[in-house]
Amino acid sequence: MMLKSMEVLNRFKLSGKLNIILLIITLIVIGVNGLILSQVLQKNAEREVTSQAALLIETMGSVRDYTSSQVNPELAPRLETEDRFLPQAIPGYSAREVFENLRKREQYNNFFYKEATLNPTNLRDKADRFEARVVEQFRKQPALKELSGFRSFPGTDIFYVARPIAVSEKSCLRCHSTPEAAPKSQLVTYGRDNGFNWKLNEIVGAKIVSVPSSKILTDARRLQILVIGILTVGFLIALIVLNLFLRFSIIKPIMNMASWSKEVSTGNMHTEFEHPVKDEIGTLASSVNRLKVSLGMAMKMIDPHQPNER
């Protein structure tokens, strides 16, 4: 195979061989750089969506802490006296409502936040099949603090960040231990069937922020195509410039030298090959001129009647 390739290559002129070699090098360089660039842009895109999701989930954590420390103490006494349950006292409800207000802004309408729970009081927070697997993974690995990755939705890909929800305060068990211990307004609003039998330090759910990643990944692919296009154009320009240099600095002088040598071989000993540039072709020109002089002297020695070379 190698020998056949060399035989095919030997049929081309010098410029053709150089162009083939440069074309192969160009394809290899563009291919390798495209692969590396693809991986770098993919990582950058993932870091960008990860930072967005992390910022949002930290913000929701702050909303939960504020509700737990400042809102809940104010509303907790009313849970026994009100006819309807006051969800504003629940940290998870506050975080969800704040996020829903954020989603009303156009740039965030494809962002999602959910406190996915296996056995929630409000069925709005019921974990779907995917979310349930995430929660179960946290339950099996209590030391695990965060999960992230991509999740497919119809028409788009979504990057999610999830963190576990654990029953860390005894006060939480007031609403989630047994129906008998729960506030009456809670039972009136949500009934006695859901959100009970939680235990202290048990992981019951996961805070999950979902960020649309398709636009960021599409922008990364567009940037990759743009950079590869610029590299390709740059290599093509370099190839054209190199061809012009090769033609005028090497090919044309060699062709002129071949034509001059042909004249000398037919007996025209009165010319010299002129190449004013002091490069390798100039050195070769000086050598062939000396060769012509030596040839003339040899011919003079053989035939004294040969005319003197000028």
Flagged in the stretch 14-38 as free of Cβ contacts under 8 Å to residues at least 12 places away in the same chain, more than 12 Å from residue 229 (Cα to Cα) and not hydrophobic (A, V, I, L, M, F, W, C), in numbering order, are 16, 17
Return yes when residue 238 is under 33 Å from the mean Cα position of the chain (by Cα) and either under 30 Å from residue 184 (Cβ atoms) or surrounded by 14 or more Cβ atoms within 10 Å (Cβ to Cβ) (or both) and no when it is not.
no
Show the residue pairs that are 6+ apart or on different chains and have beta-carbon atoms under 8 Å apart, the first residue being within the stretch 165-176 and part of a strand (DSSP E or B), the second being of a type in the set (Ser, Thr, Tyr) and surrounded by 18 or more Cβ atoms within 10 Å (Cβ to Cβ).
165/117
Residue 46 fails exactly one of (1) in contact with a strand residue (DSSP E or B) (Cβ under 8 Å, 6 or more places away or on another chain); (2) modelled with pLDDT of 80 or more, namely (2)
Residue set 133, 124; condition without any contact (Cβ under 8 Å) to a residue 40 or more places away in the chain, closer than 17 Å to residue 96 by Cα and not in a loop (DSSP other than H, G, I, E, B); output residue 124
What pairs come up if the first residue lies in the stretch 44-58 and is closer than 13 Å to residue 219 by Cα, the second is modelled with pLDDT of 80 or more and of a type in the set (Phe, Trp, Tyr), and their beta carbons are under 6 Å apart, counting only those six or more places apart or on different chains?
49/159
Taking the condition touching a helix residue (DSSP H, G or I) at 6+ places or on another chain (Cβ under 6 Å), modelled with pLDDT of 90 or more, within 24 Å of residue 65 (Cβ to Cβ) and among the β-branched types (Val, Ile, Thr), does residue 209 pass?
yes
Every residue in the stretch 161-177 that is within 12 Å of residue 201 (Cβ to Cβ) and of a type outside the set (Asp, Glu), please.
164, 165, 166, 167, 168, 170, 172, 173
Failed criterion for residue 55 (all others in (1) in contact with a helix residue (DSSP H, G or I) (Cβ under 6 Å, 6 or more places away or on another chain); (2) at pLDDT 85 or above hold):
(1)
Name the residues in the stretch 260-279 that are loosely packed, with under 11 Cβ neighbours inside 10 Å and at pLDDT 75 or above, would you?
262
Test of understanding: among 228, 237, which residue is in a helix (DSSP H, G or I) and touching a Gly at 6+ places or on another chain (Cβ under 6 Å)?
228
Kindly indicate whether any position in the stretch 33-43 is among the charged types (D, E, K, R) and either farther than 30 Å from residue 219 by Cβ or at pLDDT 80 or above (or both).
no
Could we say that residue 173 is touching a Leu at 6+ places or on another chain (Cβ under 9 Å) and either over 30 Å from residue 103 (Cβ atoms) or surrounded by fewer than 17 Cβ atoms within 10 Å (Cβ to Cβ) (or both) here?
yes
Just checking, does the stretch 113-126 include any residue being closer than 14 Å to residue 212 by Cβ and out of contact with any His (no Cβ under 8 Å at 6 or more places or on another chain)?
yes
Considering only the stretch 112-132, I want to know if a residue exists there that is among the hydroxyl-bearing types (Ser, Thr, Tyr) and farther than 30 Å from residue 84 by Cα.
no
For residue 209, the lone unmet condition from (1) under 30 Å from residue 45 (Cα atoms); (2) free of Cβ contacts under 8 Å to residues at least 60 places away in the same chain; (3) among the β-branched types (Val, Ile, Thr) is (2)
Considering only residues that are charged (D, E, K, R) and in a helix (DSSP H, G or I), look in the stretch 102-121 and name the one that is nearest to residue 90 (Cα to Cα).
103
Just to check your reading of the model, which residue among 174, 192, 163 is among the basic types (Lys, Arg), more than 35 Å from the chain's Cα centre (by Cα) and at pLDDT 85 or above?
192
State all residues of the stretch 109-126 that are crowded, with 16+ Cβ neighbours inside 10 Å, under 20 Å from residue 191 (Cβ atoms) and among the charged types (D, E, K, R); if no residue qualifies, say none.
115, 125, 126
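The values are calculated or read from the model by the stated rules, or taken from the named source; none is laboratory data. Only a predicted model underlies this, so the values are computations on that prediction, with no experimental measurement involved. Positions of Cβ are backbone-derived with ideal geometry, glycine not excepted, and every protein chain shown enters the neighbour counts.
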